[in-house]
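So the structure is just underneath, and the comments pick up after that.
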Amino acid sequence: MKKYVLPGTIALISIILAACTNVVSTPCPIIPLYKDLENYPAMTTAQRDSMLRADRLPLSVMFGFLGLSDTPDHQTIEKWAHSRVVEAFTPVVDSVFSNLRSTELALGQILNEAERDKLDFPPRQYAAVIWGNPRSIVMSDSCMLIALNHYLGEDFEGYNHLPEYLKSGKTPARLPYDICEALIANRYPYVQTDESTVLSRLLYEGAVTAAKLMLLPYNDVAESMGYTDAQLKWLTDNRQKIWNTLVARNLLYSTSANDIDRLVEAGPNTSILGAEVPPRAGRFIGYSIVVSYMQDNSDKPLSYLLSPEFYNNPSILIESAYE
């Protein structure tokens, strides 16, 4: 049983995952597809044939996603192996990710905890890739592709053209949280209806954050929500002010997609609440409500928190005793 604790006051939100302490998980293998592709030109014909058979699924997903080929052949792979993307990014990726061990351990932890919590993530192959697409993680029913060149550190010169709020998320520390969120959102996507409100989306975002912290061992609230420590401190110090603004402006029960997006989407700030408010403040408030709800409902499974029955239930706010 996992225990949810609010140390001190609700403004100092944290989850203590008692059941996850000292959990030893089996690493989940991640195919180093980017290395296979880098080495492809130097392979013998037999080695190429073997690689093509072994990596058939992630190769098909990757090249299909990039619009190159759903069934990549030797010529397509050879051309990609000599591309500027591969030549430019592979040495930098090698310097940041000397191996995939830590990522495999984190993924193994996620899948192990998900099984214990009865989250039915389907079996998949996992592969590390490099590409020039802005998406960092792509999933199919049977494969997840993780673009390591999106996690080279915010000081990497190749990110200089990006705004600060995007650069801050391009770190190796963020990678396990992004993998975890992709798995959760793929299996338990937000179900929006014509009656969906700001509150229901905030509850979903809060449930996803709580799930990430339950499935990963790090228990880093700031990293899980994409904040710096300073941003999280600002939000905790000003939680009541943010909540009062949401209530006073009747935003909680707004069905405007624009209102919802401005509260939970990434950006330089949460401008709908004020230029000084850190981004995705709606996710922080949603997480606060979920944690408050779980104090007296710790028996509720993760799958319930991630279901429309939870986040579309108008009585959850009352049951959470959040204010």
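The values are calculated or read from the model by the stated rules, or taken from the named source; none is laboratory data. Quick caveat, the model's predicted, so the values are computed rather than measured. All Cβ positions, glycine included, derive from the backbone under ideal geometry; neighbour counts span all protein chains shown. Areas reflect the complete protein model, heavy atoms only, side chains present, ligands, DNA and RNA absent. Shrake-Rupley method; radii C 1.70, N 1.55, O 1.52, S 1.80 Å.
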Among residues of the range 62-111 being open to solvent by 30 Å² or more (accessible area, probe 1.4 Å) and of a type in the set (Val, Ile, Thr), the residue farthest from Gly153 (Cα to Cα) is Thr71
For the condition surrounded by fewer than 20 Cβ atoms within 10 Å (Cβ to Cβ) and of a type outside the set (S, T, N, Q), what is the one hit in Tyr227, Tyr218, Tyr204? Tyr218
Could you figure out which of (1) in a loop (DSSP other than H, G, I, E, B); (2) aromatic (Phe, Trp, Tyr); (3) closer than 23 Å to Leu66 by Cα isn't true of Phe121? (3)
Part of a loop (DSSP other than H, G, I, E, B), among the small types (Gly, Ala, Ser) and in contact (Cβ under 8 Å) with a residue 12 or more places away in the chain, is that true of Gly282? no
Of the residues Thr76, Thr90, Thr71, only one is outside any helix (DSSP H, G or I) and either modelled with pLDDT under 95 or within 16 Å of Asn133 (Cα to Cα) (or both); which? Thr71
Going residue by residue through the range 313-323, is there one that turns out to be closer than 16 Å to Val191 by Cα and surrounded by 12 or more Cβ atoms within 10 Å (Cβ to Cβ)? yes
So, in the range 249-270, of the ones that are without any contact (Cβ under 8 Å) to a residue 60 or more places away in the chain and open to solvent by 80 Å² or more (accessible area, probe 1.4 Å), which residue ends up nearest to Glu164 (Cα to Cα)? Glu265
